[in-house]
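See structure below.
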Amino acid sequence: MISVSGTFSVTFSVIFAYIADITDVRERSTAYGLVSATFAASLVTSPAIGAYLSASYGDNLVVLLATLISLADICFILLAVPESLPDKMRLNTLGAPISWEQADPFTSLRKVGQDTTVLLICITVFLSYLPEAGQYSSFFLYLRQVINFSPKTIAVFIGVVGILSILAQVFN
């Protein structure tokens, strides 16, 4: 499941890029705050709902429901969310051939090393996200195994942190 969740872990950068495309510069900060607050709101509700469903119906239902919601989200994006870039800014129009260089993710990585500033920014972002990823993958296990939090207590803890995050995003 961790490898599957990694596939969807880049949503923030995509969402923020979309927001940058569709909002005016003066409104962008507010839009970013609303997106972050929405994420925090899901952080408040999802663990509580997941803990309740897991206790009542088992883990399989939680995984199934999360999968169905993800699929519905993908369908919504594909069918209802319009392209944010105007035609003149798009690299290729629909149906135009795409080269291997455009599709190869390692081409972008090779280009990063050509500009020192971009390379330093990439290293900084990587080093700042690395401990955060480690925290996400081990913190709740620590709460459960060392501090003996129950799944319900962990859900409440996540909810409180989410509420604080919403307040920080809305009132910053």
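Every read-out reported here was derived from the displayed coordinates using simple, explicitly stated rules and does not represent laboratory data. None of the values given here were measured: they were computed from a predicted structure. Cβ atoms come from the backbone with ideal geometry, glycine included; neighbour counts cover every protein chain shown.
Of the DSSP H helices in the chain, those with a Cα length along their own long axis of 27 Å or more and a mean Kyte-Doolittle hydropathy reaching 0.0 comprise 25-57, 59-80, 116-145, 151-170. Counting every other Cβ atom within 10 Å of each residue's Cβ, Ser13, Ser150 order from fewest to most as Ser13, Ser150.
Please report Rg over Rh for segment 97-161, where both radii come from the alpha carbon positions and Rh follows the Kirkwood definition.
Values: Rg = 19.6 Å, Rh = 15.3 Å.
Result: Rg/Rh = 1.28.
Which one, Leu68, Leu141, Leu120, has the greatest fluctuation when you compute a Gaussian network model over the chain with C-alpha springs under 10 angstrom? For the chain, modelled as a Gaussian network with Cα springs under 10 Å, the answer is Leu120. Qualifying chymotrypsin sites (Phe, Trp or Tyr not before Pro) in segment 111-172, where qualification requires a DSSP coil assignment and no more than 12 other C-beta atoms within 10 Å, comprise Phe171.
Model label sites at Leu61 and Thr153, defined 7 Å from Cα along the beta-carbon direction, differ in position by 2.5 nm.
Normalised radius of gyration (Cα atoms, divided by 2.2 N^0.38 Å) for the chain: 1.26. A simple spin-label model places the labels of Ile15 and Ala133 1.9 nm from each other, with each point 7 Å out along Cα-to-Cβ.
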